[in-house]
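Reading through the structure tokens given below for one structure.
The values are calculated or read from the model by the stated rules, or taken from the named source; none is laboratory data. Please read all numbers here as calculations on a predicted model, not as lab measurements. Cβ sites come from the backbone with ideal geometry, for glycine too, and all protein chains shown count toward neighbours. Ligands, DNA and RNA are excluded from the accessible area calculation, which covers all protein heavy atoms including side chains. Shrake-Rupley method; radii C 1.70, N 1.55, O 1.52, S 1.80 Å.
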Amino acid sequence: MPKSLSFRPSVAAVAVLSAVALSLPVAAQPLSTAARRCVSAVDKGTAGLAQTQVSVELDCLKQAAAGKLGPLLTAEACIAADSKGRLEQRRLSVLIAEPQRCVAGQLPNIGVPFLGAPYLPAATPQAFDPVLNEMYAETTLVAVPKAGTLLLRDAFGDPLDSGLLLSATNAAGAACQKRLAKALTGCARAQRKAVLSCKKKSLAHGITSAAAIESACMETNGNAASGLPDPRGKLAKACTTAVDAVLSRYCAGQIPAAVSGACASAVDTSVCLVDRVDCRVCQETNSASGLTRDCDLLDDGLDNNSCG
């Protein structure tokens, strides 16, 4: 049998190929272990802050329904006041943990909030000043509570207290709102957990761009008009199924009074409310993870300014 042919490029050809290779841009490198550790710290702070925010919100909604807000007068004022100091304690824990995991010179270039200047934590958590210091936490500490408040306004009215019901005058409506607030914040928690878990795995597997994170963790089959990936139906159960259950079991005849926010005139109240969760979790994730996912397309698949 004849010997197999082999190709041996000439010296000139090698020189040309080398020149072309040198002219190509250097591919982005996967994050180092230290950089991924920083991303994990930021994500953990985001998730913890969100859960503390929810506990404060639900407590204030309970007080509002019972007419026991006292001198604070409104639920929004109650949430902002943080009378038990839970949000402040969580805030300090975030400011303590982040600098321990995020080291200058080993910072991630994706997966964290955008910085406006070189990374510069405060000497102590109590001394943190967002004007003088530069940390990822300065974004997450604002973005997470904001998303939580906007979600409640979406459901009950803007301003929030304009749509909250008193148990003394409408016990069924107030109970509906209480259950609905728990279902919506539970849905948000499930979505947040899914996105952050996907992001962590993606970075560990070598993803090197924010766009790749968005495609893997915030789109289905790369479709920007799709919702969050849900291959096992966990998010559908935590969101659509849970909200449907509340509306059918606890809100019969109360939806016009209890759901007076962005979904007041929706054809399908449940779908609309879950879309609002999609919107707010997407906005929070964009801020907290340095992403630019189109939240208006994510929430209902339409470019209609529904996620304002």
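In the stretch 141-176, what residues are open to solvent by less than 20 Å² (accessible area, probe 1.4 Å), on the phi < 0 side of the Ramachandran plot and small (Gly, Ala, Ser)?
ALA143, ALA147, GLY148, ALA155, GLY163, GLY173, ALA174
Pick from CYS217, CYS251: which is out of contact with any His (no Cβ under 6 Å at 6 or more places or on another chain), touching a residue at least 40 places away in the same chain (Cβ under 8 Å) and open to solvent by less than 20 Å² (accessible area, probe 1.4 Å)?
Answer to the check: CYS251.
Does LYS68 meet the test of being open to solvent by 30 Å² or more (accessible area, probe 1.4 Å), under 18 Å from ALA174 (Cβ atoms) and in a loop (DSSP other than H, G, I, E, B)?
Yes, satisfied.
Would you call LYS201 open to solvent by 50 Å² or more (accessible area, probe 1.4 Å), within 18 Å of VAL274 (Cβ to Cβ) and out of contact with any strand residue (DSSP E or B) (no Cβ under 8 Å at 6 or more places or on another chain)?
So LYS201 does not fit the description; no.
Every residue in the stretch 71-84 that is surrounded by 22 or more Cβ atoms within 10 Å (Cβ to Cβ) and in contact with a Ser or Thr (Cβ under 9 Å, 6 or more places away or on another chain), please.
Hit for the stretch 71-84 is ILE79, nothing else.
Just a yes or no: is a residue in the stretch 82-103 aliphatic (A, V, I, L, M) and assigned to a loop (DSSP other than H, G, I, E, B)?
Looking for residues that are aliphatic (A, V, I, L, M) and assigned to a loop (DSSP other than H, G, I, E, B), one finds at least one in the stretch 82-103, hence yes.
So, of the residues in the stretch 258-307 that are charged (D, E, K, R) and either in a helix (DSSP H, G or I) or touching a strand residue (DSSP E or B) at 6+ places or on another chain (Cβ under 8 Å) (or both), which turns out to be most open to solvent (accessible area, probe 1.4 Å)?
ASP300
So which residues in the stretch 123-171 are of a type in the set (A, V, I, L, M, F, W, C) and more than 20 Å from SER260 (Cα to Cα), if there are any at all?
Of everything in the stretch 123-171, those that are of a type in the set (A, V, I, L, M, F, W, C) and more than 20 Å from SER260 (Cα to Cα) turn out to be ALA123, ALA127, PHE128, VAL131, LEU132, MET135, ALA137, LEU141, VAL142, ALA143, VAL144.
For the stretch 32-58, what are the residues that are open to solvent by 40 Å² or more (accessible area, probe 1.4 Å), in a helix (DSSP H, G or I) and either in contact (Cβ under 8 Å) with a residue 24 or more places away in the chain or under 18 Å from SER83 (Cβ atoms) (or both)?
Those that are open to solvent by 40 Å² or more (accessible area, probe 1.4 Å), in a helix (DSSP H, G or I) and either in contact (Cβ under 8 Å) with a residue 24 or more places away in the chain or under 18 Å from SER83 (Cβ atoms) (or both): ARG36, ARG37, SER40, LYS44, GLN51, SER55, LEU58.
Restricting attention to the stretch 85-105, report how many residues are open to solvent by 20 Å² or more (accessible area, probe 1.4 Å), over 17 Å from LEU151 (Cβ atoms) and modelled with pLDDT of 95 or more.
Counting residues in the stretch 85-105 that are open to solvent by 20 Å² or more (accessible area, probe 1.4 Å), over 17 Å from LEU151 (Cβ atoms) and modelled with pLDDT of 95 or more gives 13.
Conditions (1) farther than 30 Å from ALA183 by Cα; (2) touching a Cys at 6+ places or on another chain (Cβ under 9 Å), marked per residue:
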position: GLY116; (1), (2): yes, no
position: PRO125; (1), (2): yes, no
position: PHE128; (1), (2): yes, no
position: ASN133; (1), (2): yes, no
position: ALA137; (1), (2): no, no
position: VAL142; (1), (2): no, no
position: LYS146; (1), (2): no, no
position: LEU151; (1), (2): no, yes
position: ALA155; (1), (2): no, yes
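Across the stretch 116-140, what is the total count of residues that are more than 17 Å from GLN53 (Cβ to Cβ) and open to solvent by less than 10 Å² (accessible area, probe 1.4 Å)?
So the count comes out to 2.
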